[in-house]
Amino acid sequence: MKKGYLVLADGQVFEGLRFGAETETVGELVFTTGMCGYVETLTDPSYAGQTVMQTYPLIGNYGIIPEDFEGNCHVRGYVVREHCGHPSNFRCGGDLDSFLKERNIPGLYGVDTRQLTRVIRESGVMNALICGQVPADRSLLRNYAVTGVVEAVTRAEPAVFPTEGAPRFRVALLDYGAKNNIIHELVKRGCEVTAFPASTPAKTVLGMEPDGVMLSNGPGDPAENIFQIEQIQKILGKVPLFGICLGHQLTALAAGGRTYKLKYGHRGVNQPVRDLGGGRTYITSQNHGYAVDGDSVKTGRVSFANANDGTCEGLDYPGLRAFTVQFHPEARGGPQDTAFLFDRFMDLMKGGER
């Protein structure tokens, strides 16, 4: 066991023990509160450019399960309190240490994650370096920024996913870092899904004459994706549209709204969200560092709000046959409370059912 260090941009240093790859990386340090689902967390493309810290103290006890991967692993580093090196589960296909080594991702355990979480909650997310020796020159920490990550995680070529059972709809999915379970939720409802790279122009998407368009989750600052916002502007109002997470934010920007960075974001499987139409509160899975200013979107109305901080969690665009949510109704390793939103998307497409 080798000592390792987590060096924060504010100068604080946390000592731990190394696992995973013995390399040094800088990432934007964020925390996630899920008690389970670390496999889905590590393979969620929305974490691209970030070093992920788990607040739950024991990680790795059921190993790595490839069937539960949400995509490729794009995290910069991984920080936990206690790392289980000998997992036990009938579905286990490997251990966490090997998973990180194979992807050249450094990990650190034995860290006081409770104190580290307090630091982030008070100071906000910040850059952090995982290293074997604390460096004198910390310019890497000052200069690092999460940029260009949608292009880094999107698929290279279009792909078609056939429906399960009788076909009902053809859906175009714009992949900004799409989680696999979004596709699964669509195909099991009778949708043939054509997933397109994030760089696909609106003309190509509309050219396939889809019954609906799905905008996926993804990483980074939504305002950075100027091309994607312009394409959504050309799609809005043409066909039914459903956006999740980054797709929610990009749609709001395409409709003339604004986004802003949260102090430490919402990441975990226990975020309460109020339905402003029905008054019910749902427990949701979330992973985002930016939010939409709901009042800035004049063509839409806020449909969901976070019960903790009041931030916008959903928008309806009734005149455009579109709706979006900030949380993840397709969550695996998390609550299934809002899976009905996929059925709502099906209802929107019924007018053009084949």
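Think of the chain as having a plus end and a minus end, set by charges on the Cβ of Lys, Arg, Asp and Glu; of 178, 242, 259, 259 sits farthest toward the positive end of this dipole.
Ligands, DNA and RNA left out, the accessible area of the range 28-183 computed with a 1.4 Å probe is 49% carbon and sulfur. Fully extending the segment from residue 10 to residue 276 would add 91.8 nm, taking 0.36 nm per residue of separation and subtracting the current Cα-Cα distance. In this structure the range 76-202 gives 47 Å² per residue of accessible area when probed at 1.4 Å with all protein chains present. Counted over the range 163-217, the DSSP beta bridges are approximately 0% antiparallel.
Given the range 90-139, what whole percent of its Cα pairs are spread farther than 12 Å? If you can, show how the numbers build up before the last one.
Values: 935 of 1225 pairs.
More than 12 Å apart: 76 percent of the Cα pairs in the range 90-139.
Legend: distances between Cα atoms for 263/298; 101/261; 203/238; pairs beyond 20 Å are 263/298; 101/261.
Computed about the Cα centre, the dipole magnitude for the range 162-264 is approximately 220 debye when only Lys and Arg (+1) and Asp and Glu (-1) carry charge, each at its Cβ. Checking the a/c ratio against 1.5 first, then a/b against b/c, what shape does the Cα gyration tensor give for the range 164-276? Oblate, because a/c is 1.5 or more while a/b does not exceed b/c. Estimated from helices alone, the mean residue ellipticity of the chain at 222 nm is -5500 deg cm²/dmol (sum of -39500 (n - 2.57) over DSSP H runs with n ≥ 4, per residue).
Placing pseudo-labels 7 Å out from each Cα toward the beta carbon at residue 67 and residue 121 gives an inter-label distance of 3.7 nm. Put the Cα centre of the range 190-205 next to the Cα centre of the range 31-78 and the gap is 27 Å.
To check you understand DSSP bridge types, tell me what percent of the beta bridges within the chain (both residues inside) are antiparallel, rounded to 5. Could you put the intermediate results ahead of the total?
Numbers: 43 of 73 bridges.
Of the beta bridges lying entirely in the chain, close to 60 percent run antiparallel.
One chain, two ends: residue 2 and residue 82. Fully extended at 0.36 nm per residue, the span grows by 27.3 nm beyond their Cα-Cα distance.
When the Cα positions of 17, 86, 159 are compared along the charge dipole of the chain, 159 comes out farthest toward the positive end, with charges on each C-beta of Lys, Arg, Asp and Glu.
Accessible area per residue of the range 230-354 at 1.4 Å probe, in Å²?
Working: 4790 Å² over 125 residues.
Per-residue accessible area for the range 230-354 comes out at 38 Å².
For the range 219-354, the C-alpha radius of gyration divided by 2.2 N^0.38 Å, with N the number of residues, is 0.99.
Note on the range 1-159: Rg/Rh from C-alpha atoms, Kirkwood Rh, equals 0.96.
When a 1.4 Å probe is rolled over the protein heavy atoms, the share of accessible surface on the range 205-354 that falls to carbon and sulfur comes to 47 percent.
Over the Cα atoms of the range 92-248, what is the Rg over Rh ratio if Rh follows Kirkwood? Walk me through the numbers on the way to the answer.
Working: Rg = 20.0 Å, Rh = 18.5 Å.
When Rh is taken as the Kirkwood radius, the ratio is 1.08.
Rounded to the nearest 0.05, what FRET efficiency do residue 209 and residue 296 have when you use their Cβ-Cβ distance and R0 = 22 Å? Efficiency for this residue pair is about 0.10. Extension gain, residue 134 to residue 22: 0.36 nm times the residue separation minus the Cα-Cα distance gives 38.9 nm. Here the dipole of the chain is about 380 debye; that uses its Cα centre as origin and unit charges on the Cβ of Lys and Arg (positive) and Asp and Glu (negative).
For the range 209-354, the dipole from Cβ point charges (+1 on Lys and Arg, -1 on Asp and Glu) about the Cα centre works out to 120 debye, to the nearest 20. Taking 4 °C and 1.567 mPa s as conditions, the range 274-354 diffuses translationally at an estimated 95 µm²/s according to Stokes-Einstein applied to its Kirkwood radius (Cα pairs).
Mind running the shape call on the range 248-294? Use the C-alpha gyration tensor, a ≥ b ≥ c as the square roots of the eigenvalues: rounded below 1.5 for a/c, prolate if a/b tops b/c, oblate otherwise. Spell out each step's value before the answer.
Details: a/c = 2.54, a/b = 1.28, b/c = 1.98.
Cα axes put the range 248-294 in the oblate bin.
Can you work out the FRET efficiency for the pair residue 152 and residue 350, with r the C-beta to C-beta distance and R0 = 45 Å, to the nearest 0.05?
On the way: r = 37 Å, r/R0 = 0.81.
With R0 = 45 Å, the Cβ-Cβ based efficiency is 0.80.
Hey, could you get me the Stokes-Einstein D for the range 308-348, Kirkwood radius over alpha-carbon pairs, 37 °C and 0.692 mPa s, rounded to whole µm² s⁻¹? So the translational diffusion coefficient is about 285 µm²/s. Stokes-Einstein diffusion of the chain at 4 °C, 1.567 mPa s viscosity, Kirkwood radius from Cα pairs, rounded to a whole number: 63 µm²/s. Taking the DSSP beta bridges with both ends in the range 13-172, the antiparallel portion is around 45 percent.
The values are calculated or read from the model by the stated rules, or taken from the named source; none is laboratory data. Bear in mind the structure is a predicted one, so any value in this text is a computation, not a measurement. Note: ideal-geometry Cβ built from the backbone for every residue, glycine included; neighbour counts use all protein chains shown. For the accessible areas, the whole protein counts, side chains as well, though only heavy atoms, and no ligand, DNA or RNA atoms are used. Shrake-Rupley method; radii C 1.70, N 1.55, O 1.52, S 1.80 Å.
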